[in-house]
Every structure is written in C-alpha cells, then in structure tokens.
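Shown next, in structure tokens, is the structure this report addresses.
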Amino acid sequence: MRGLLTLPVLAGLLALPGCVATPAADGKVRIVAGLYPLAYVARQVGGARAHVTDLTPAGAEPHDVELSPSQVAAVRSAAVVLAVRGLQPAVDQAAPAKATLDAFAGLSERREGGVRDPHVWLDPTRLAALGTTLARRLADVDPAHDTEYLRNALALSEELTTIDREYRAGLAHCARTDVVTSHAAFGYLADRYGLRQVGIAGLSPDAEPSPSRIASAARYVRAHHVTTVFFESLVSPKVARTVARETGATTAVLDPVESVRDGDDYRAVMRRNLATLRAALGCA
Ligand SMILES: [Zn+2]
C-alpha cells in the first residue's frame, strides 16, 4: 500500500502551494459532487476529513441540473469536483479543470446510440473503483491524511463488493432476464448481471418516447412474455403504464439511485432494487 502512495503523495508535495486548493476554515477538504451516488462515495472516502456538497437536492432529478450562484461559487472553490462528465453541463462548465474528477476516470464505458451511458454508479464494482481513484486524488490534495483516505476507500470497496455478490447470487437463476424500463438507466447493471435492458424512453428521463417506440416496446413485452414494466420514482410513470396496460403486464419501481430521500442510502436502494428485480424476473 505504501508503494502505491509514493507517487501521488510526491506529486501533491511538489504541487504545493499554488496548485493545492485552500482547505475550508474548518480544515476539511471541500468536495463537490454532481449527484447523490458520487456524494455517497465522497462522504465514505473523505470521512471526517471532508466536507461534501451534493449539487442535486434530495429527491430531485439530476439530469441537466441548474446551479444557483452560490452553487457555482462552491464548484469554483472546491478542492475536488466529482462529476459524470456530460450528464450535467452546468457542472462541467463551472468546474475548474484542475479540480475536476470525472466519475469515469480509468473505467470502461458503455455506449447507446453513439452516446456515453452516464449511469456508471449502477455497477457497484465500478463505483468501488471510483472510490479508490478519489482516495488517490484526496491523498494528493491532503497528503497528511493519505492512509485514512485509502483505508476508507477499502472499506467502501468491501461494502460494494458484498452488494455485487448479493446481486450475482440473487440474479443467477431467473425465469426471465428482460428489464423493460421507461428511463434506460440500468445498462451497466444489466451488463454485469446477465440481464437485458429494453429502454422505452432512452438514456435521459425527460425524453418523450414516440408512439412507434412505445408500440415496439409493447411488441417486445408480448413476444418475450415480460410480466413487469419498470418505472422510477423521480419520473412520471405514464410511459410504463401505457405499455403495461397494452400488454397486461404490471408495473414496479426500479430506482436509478440518482437521488435519494432523507434516511435512504445507496446500499438500501440497491438492495431494494435487487428484491424488486428478483420478484419481477422470477428468480430462485
Ligand atoms: Zn438517468
């Protein structure tokens, strides 16, 4: 572990003082995250040493979020801005290049219709890798606490690995593998656990699907004997209900963990999603 630390720590020391953002008055490293799952990682990895701001209010839709002047100021002065590049143009625009850490750093990405699928956090193993990348960045910014950040990242990785194991076991023997969903947020999850995502509305939740798209989704549901059409809590269930009504399927909520309500967290929502998927897909 020590060997790994040498280079980034050295880089951090060499960068002093001009390139290291000033810490907050309380001495904590200021991290700004574009949306909940990234803020979750930042809180776990930064621990007591970091002050984390989530730019998307609890229960709000993070795609194309608008920033208030005070949020723009927070982004400009943060030591680290953790964002999914391309998902929230206002954040990309305000974030200083030096402080920006793209959630995809070092990770493979899936594409759909030529566009990068932003929902990388729905693969717990990719999210664990992001935790390690963030720990290295924090060790650069705040070398005095480098081992603490790496230790926190390791603990997060263990938790996410447990969730990954639960998913693999829980979805290993299912009667059905089709995940028909209005907002196509579950591509990374589907790829990892051998499911097939059929998105009705596409990658962005506010894209209105055309009547022909809805009709082809309904045809798919009938042809593949799909019993459940998924929608999510932050977006209108209209599209999913239309397809379900036309085909006799039921609907259920699958949460893309883009934002959570108070008291909820990533692990709880992911476990709820697993239970929903197991019931809908007839998993043993
Ligand atoms: Zn989304």
Among the numbered criteria (1) within 23 Å of Gln88 (Cβ to Cβ); (2) more than 19 Å from the chain's Cα centre (by Cα), which single criterion is violated by Asp123?
(2)
Among the listed residues Thr250, Thr276, Thr242, Thr228, which satisfies the condition of being touching a residue at least 12 places away in the same chain (Cβ under 8 Å), over 30 Å from Pro57 (Cβ atoms) and among the polar types (S, T, N, Q)?
Thr250
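Looking at the stretch 56-74, which of its residues are β-branched (Val, Ile, Thr) and either touching a Gly at 6+ places or on another chain (Cβ under 8 Å) or within 15 Å of the ligand (Cβ to nearest atom) (or both)?
Going residue by residue through the stretch 56-74, those that are β-branched (Val, Ile, Thr) are 56, 65, 72.
The answer is Thr56, Val65.
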For Asp54, are the conditions met, namely being within 27 Å of the chain's Cα centre (by Cα) and at pLDDT 95 or above?
yes
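I'm trying to understand the selection: among the residues of the stretch 246-284, which are β-branched (Val, Ile, Thr) and touching a Ser or Thr at 6+ places or on another chain (Cβ under 8 Å)? Please lay out each step first, then the result.
Filtering the stretch 246-284 for residues β-branched (Val, Ile, Thr) gives 247, 250-251, 253, 257, 260, 269, 276.
Matches in the stretch 246-284: Thr250, Thr251, Val253.
Name the residue that is nearest to the ligand (Cβ to nearest atom), counting only residues in the stretch 75-87 that are at pLDDT 95 or above and part of a loop (DSSP other than H, G, I, E, B).
The initial filter retains those residues of the stretch 75-87 that are at pLDDT 95 or above, namely 75-84.
Restricting the remaining residues to those that are part of a loop (DSSP other than H, G, I, E, B) gives 78-79, 84.
Details: Ala78: 23, Ala79: 27, Val84: 10 Å.
Ranking the candidates gives Val84 first.
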Among the numbered criteria (1) on the phi < 0 side of the Ramachandran plot; (2) of a type outside the set (Val, Ile, Thr); (3) modelled with pLDDT of 95 or more, which single criterion is violated by Gly194?
(1)
Sort out which residues of the stretch 25-51 are farther than 14 Å from Ala99 by Cα and in a strand (DSSP E or B), and write them in order of number.
Ala50, His51
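Take the residues in the stretch 202-234 that are touching an Asp or Glu at 6+ places or on another chain (Cβ under 7 Å) and part of a loop (DSSP other than H, G, I, E, B); name whichever of them is farthest from the ligand (Cβ to nearest atom). Please lay out each step first, then the result.
Just the residues of the stretch 202-234 that are touching an Asp or Glu at 6+ places or on another chain (Cβ under 7 Å), to begin with: 203, 205, 218, 224, 226, 232-234.
Restricting the remaining residues to those that are part of a loop (DSSP other than H, G, I, E, B) gives 203, 205, 224, 226, 232-234.
On the way: Leu203: 7, Pro205: 5, His224: 24, Val226: 21, Glu232: 8, Ser233: 12, Leu234: 9 Å.
Looking at residues that are touching an Asp or Glu at 6+ places or on another chain (Cβ under 7 Å) and part of a loop (DSSP other than H, G, I, E, B), I get His224.
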If a residue has to be more than 15 Å from the ligand (Cβ to nearest atom) and modelled with pLDDT of 95 or more to count, how many in the stretch 109-125 make the cut?
2
The condition of being touching a helix residue (DSSP H, G or I) at 6+ places or on another chain (Cβ under 8 Å), among the hydroxyl-bearing types (Ser, Thr, Tyr) and within 16 Å of the ligand (Cβ to nearest atom) holds, among Thr147, Thr181, only for Thr181
Over the stretch 243-266, the set of residues away from the ligand (no atom under 16 Å from the Cβ) and in a loop (DSSP other than H, G, I, E, B) is Gly248, Ala249, Arg261, Asp262, Gly263, Asp264, Asp265
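The values are calculated or read from the model by the stated rules, or taken from the named source; none is laboratory data. From a predicted model like this one, the values you see are computed outputs, not experimental measurements. Note: ideal-geometry Cβ built from the backbone for every residue, glycine included; neighbour counts use all protein chains shown.
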